[in-house]
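Just below is one structure, and these are the notes that go with it.
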Amino acid sequence: MTITDSVRSALEQAPALDKVESHLHPAGSFDVADHAVPTGREEIWRFTPLKRLKGLHADAPLDGRNVRASWAAPEGVTVGMVSGDEAADLRGVSGWAPNTRFTARVLAEVPATLLVDVPAEVEADEPIVLEVDGTDADATSGAHVVLRFGRHSKAVVVLNHTGSAAVAAVVEVVVADGAEASVVSIQDWADDAVHLSHHQARVGRDATYKHAAISFGGDVVRMDANVTYDGPGGSAELLGLYFADAGQHIEHRIFADHTAPRTKSNAIYKGALQGEKAHTVWVGNVLIRKVAEGIETYEENRNLVLTDGCQADSIPNLEIETGEIEGAGHASATARFDDNQLFYLQSRGVSEQEAQRLVVHGFFNDLIRKVGVPSIEERLMTTVEAELAKNVLKDLSA
């Protein structure tokens, strides 16, 4: 299956951008044959444990039989599965062409699309919740999801992933002019799950977009969160929170492609690691094209290593093609507990383990509050506490 003529025509008629592509995001193609099976030597795959992906990066079946989806939406919002020509019209609706084999395969081979449609001017009074539940980690499947926010609409979409599964997913987000859209993706899988996903957003003129990637469960989780802009004044906030235990591999990659002037992007990702061979990867990339004058961007990644035997890779990147910008920067840090913070708490009668608990909660708290969904914020604080109980609080008396 290929994209329809209407979508292809829209891509061909898009404003001409600079020919230089990001070194981390090569030019894409909808033709699966244009994408070789990765070997792990490629820059965009060198951190990912390919042998643990169950073939999702190559040619594993994408039949979808091991995943069930359900949803709840407020009045005025339409959610449902579409197929045939309607689904074909949504392939590449975010104005993007796949630059990996798994994304090209999802768009070409998955027959149906889960479509969330928020009409123009609609302001949803409660989150739209999509529940994705896996039933078998030995089977492999693919999924295509489209989140469409109409002009001047306002809504929050929550994707909640649980259970056992091996899934390759593409989520496309279209934020029309003046809309306010939030997407929260929670990876709370069972310990044997594999989740390979790509989120691609297109932000319209004067629109605001918030994306929160939250990863706790799963054996291997890799998520790309990308954003481009349709016009001046668009703003994107990319948030991430992850907690890796022994043996887990959690990888987050972001790409803010500033394709219009006076746009903004701000990325903050925070993670904690505990247990032997816990491994996290964060790769941030911002491309400021020649046309993107007057933009502002900042990307930040912080990692807290709680035990020995962990590995945190953190790589921020900036690619700048014009000097006419308001500001651009990045920061990255990986460290153990701050001795000064622990000493301050312990000198006031707090035990060492309780001091560690408080430091971890403080580390995550400001980011959790940015999610903007109270029920999820409360759930995340509880999950952080449960993660700490596995190591830091294991011997702490009740």
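The values are calculated or read from the model by the stated rules, or taken from the named source; none is laboratory data. What you see is a predicted model; the values in this text were computed from it and never measured. No Cβ is skipped: glycine too gets one built from the backbone with ideal geometry, and neighbour counts run over all protein chains shown. Quick note on the areas: whole protein, heavy atoms, side chains included, nothing else; ligands and nucleic acids left out. Shrake-Rupley method; radii C 1.70, N 1.55, O 1.52, S 1.80 Å.
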**Message:** Any residue in segment 66-85 that is over 16 Å from Phe149 (Cβ atoms) sitting within a Cβ distance under 7 Å of a residue that is open to solvent by 60 Å² or more (accessible area, probe 1.4 Å) and outside any strand (DSSP E or B)? List the pairs, counting only those 6 or more apart or interchain.
**Reply:** Ser83/Pro111
**Complete:** Only one of Asp138, Asp125 is in contact with a Pro (Cβ under 7 Å, 6 or more places away or on another chain) and on the phi < 0 side of the Ramachandran plot, namely Asp125
**Prompt:** Any residue in segment 320-330 that is of a type in the set (Val, Ile, Thr) and more than 15 Å from Pro261 (Cβ to Cβ)?
**Reply:** no
**Message:** For the condition assigned by TED's automatic domain parsing to the domain that holds Trp282, open to solvent by less than 60 Å² (accessible area, probe 1.4 Å) and not hydrophobic (A, V, I, L, M, F, W, C), what is the one hit in Arg91, Arg52?
**Reply:** Arg91
**Prompt:** So is Val37 part of a strand (DSSP E or B) and modelled with pLDDT of 90 or more or not?
**Reply:** no
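In a strand (DSSP E or B) and either without any contact (Cβ under 8 Å) to a residue 60 or more places away in the chain or surrounded by fewer than 21 Cβ atoms within 10 Å (Cβ to Cβ) (or both): does that describe Leu114? Break it down stepwise before answering.
Values: in a strand (DSSP E or B): yes; either without any contact (Cβ under 8 Å) to a residue 60 or more places away in the chain or surrounded by fewer than 21 Cβ atoms within 10 Å (Cβ to Cβ) (or both): yes.
Considered against the rule, which asks whether it is in a strand (DSSP E or B) and either without any contact (Cβ under 8 Å) to a residue 60 or more places away in the chain or surrounded by fewer than 21 Cβ atoms within 10 Å (Cβ to Cβ) (or both), Leu114 comes out as yes.
Taking the conditions exactly as written (within 29 Å of Val220 (Cβ to Cβ) and surrounded by fewer than 19 Cβ atoms within 10 Å (Cβ to Cβ)), does Arg41 satisfy them or not?
yes
Considering only residues that are outside any loop (DSSP other than H, G, I, E, B) and touching a residue at least 60 places away in the same chain (Cβ under 8 Å), which ones fall in segment 40-65? Steps first, answer last, please.
Kept after step one, since they are outside any loop (DSSP other than H, G, I, E, B), are these residues of segment 40-65: 50-52.
Arg52, the sole residue that qualifies.
If you go through segment 303-321 one residue at a time, do you hit one that is part of a strand (DSSP E or B), among the small types (Gly, Ala, Ser), closer than 21 Å to Val174 by Cα and open to solvent by 10 Å² or more (accessible area, probe 1.4 Å)? Walk me through how you get there before you give the answer.
Of all residues in segment 303-321, those part of a strand (DSSP E or B) come to 303-305, 311-320.
Imposing the further condition that a residue be among the small types (Gly, Ala, Ser) reduces the set to 312, 314.
Cutting the leftovers down to closer than 21 Å to Val174 by Cα gives us none.
No, that holds for no residue.
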**Request:** Considering only segment 347-398, state which residues are open to solvent by less than 60 Å² (accessible area, probe 1.4 Å), of a type in the set (S, T, N, Q) and at pLDDT below 85.
**Result:** Ser351, Gln353, Gln356, Asn391
